[in-house]
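Q: This is the structure I want to talk about, given as structure tokens.
No value in this document is a laboratory result; all are computed from the given coordinates. None of the values given here were measured: they were computed from a predicted structure. Note that each Cβ is placed from the backbone with ideal geometry, even for glycine, and that neighbours are counted across all protein chains shown.
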Amino acid sequence: MSLILQGGCRCGQVRYTSSSPALDVRACHCRDCQYASGSAFSTVAYFPRASVELHGKLASYSVKGSDGLTVNRLFCPDCGTPMCSELVELPDLIFIKVGTLDDPNSVELGGHMWWRSKVEWLKIADDLEKLPANPPL
């Protein structure tokens with residue numbers, strides 16, 4: 001696998017590499033991502049699932065996301081770092097949390113999704129696309 005991007009959890013027990021650049025990078029403002037991140041939104045980079053290798057023990061928690069899709073949220077059981085999400089209905093993609101990249105500046109935000117769920121007090125001054133819900137995939 002030719003290394004493009006890499007990252008891992010805070011304690012280093014979980015690591016990943018990608019042989020592909022991100023297909024897209026979005027800030028997700030859905031209510032489920034607010035819960036999962038403990039913040040106003042979660043920023044994720046989409047990758048082809050076949051291009052990402054995960055190493056280390058992961059725990060998971062499955063939920064129905066804001067659009068009714070089944071979201072498997074994977075995290076480090078040792079330090080609790082949220083690592084990535086997999087959608088049962090979209091098995092060819094993996095959604096890596098941008099904060100877990102060794103260099104979060106190595107990707108560029110492409111836009112926002114679930115804008116209709118954005119918390120009112122958050123002021124965002126970019127000119128990026130602001131989708132009301134999930135982007136078409």
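Q: Looking at the stretch 85-101, which of its residues are buried (at least 23 other Cβ atoms within 10 Å of the Cβ) and touching a Lys or Arg at 6+ places or on another chain (Cβ under 7 Å)?
A: Result: S85, I94.
Q: So for the stretch 16-37 (the condition being farther than 24 Å from P136 by Cα, surrounded by fewer than 13 Cβ atoms within 10 Å (Cβ to Cβ) and not aromatic (F, W, Y)), does at least one residue qualify?
A: The answer is no; no qualifying residue exists.
Q: Restricting attention to the stretch 38-46, does a residue exist that is touching a residue at least 40 places away in the same chain (Cβ under 8 Å), within 15 Å of I94 (Cβ to Cβ), touching a helix residue (DSSP H, G or I) at 6+ places or on another chain (Cβ under 9 Å) and not aliphatic (A, V, I, L, M)? Talk me through it step by step, then tell me what you get.
A: Filtering the stretch 38-46 down to residues touching a residue at least 40 places away in the same chain (Cβ under 8 Å) leaves 40-46.
Filter once more, keeping what is within 15 Å of I94 (Cβ to Cβ): 42-46.
In the following step, the residues that additionally are touching a helix residue (DSSP H, G or I) at 6+ places or on another chain (Cβ under 9 Å) were identified as 42-45.
Narrowing further to those that are not aliphatic (A, V, I, L, M): 42-43.
Yes, the conditions are met somewhere in the stretch 38-46.
Condition check ((1) assigned to a loop (DSSP other than H, G, I, E, B); (2) in contact (Cβ under 8 Å) with a residue 12 or more places away in the chain) across all residues:
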{"position": "S66", "(1), (2)": "yes, yes"}
{"position": "N72", "(1), (2)": "no, yes"}
{"position": "M83", "(1), (2)": "no, yes"}
{"position": "E89", "(1), (2)": "yes, yes"}
{"position": "I96", "(1), (2)": "no, yes"}
{"position": "N105", "(1), (2)": "no, no"}
{"position": "L109", "(1), (2)": "yes, yes"}
{"position": "L122", "(1), (2)": "yes, yes"}
{"position": "N134", "(1), (2)": "yes, yes"}
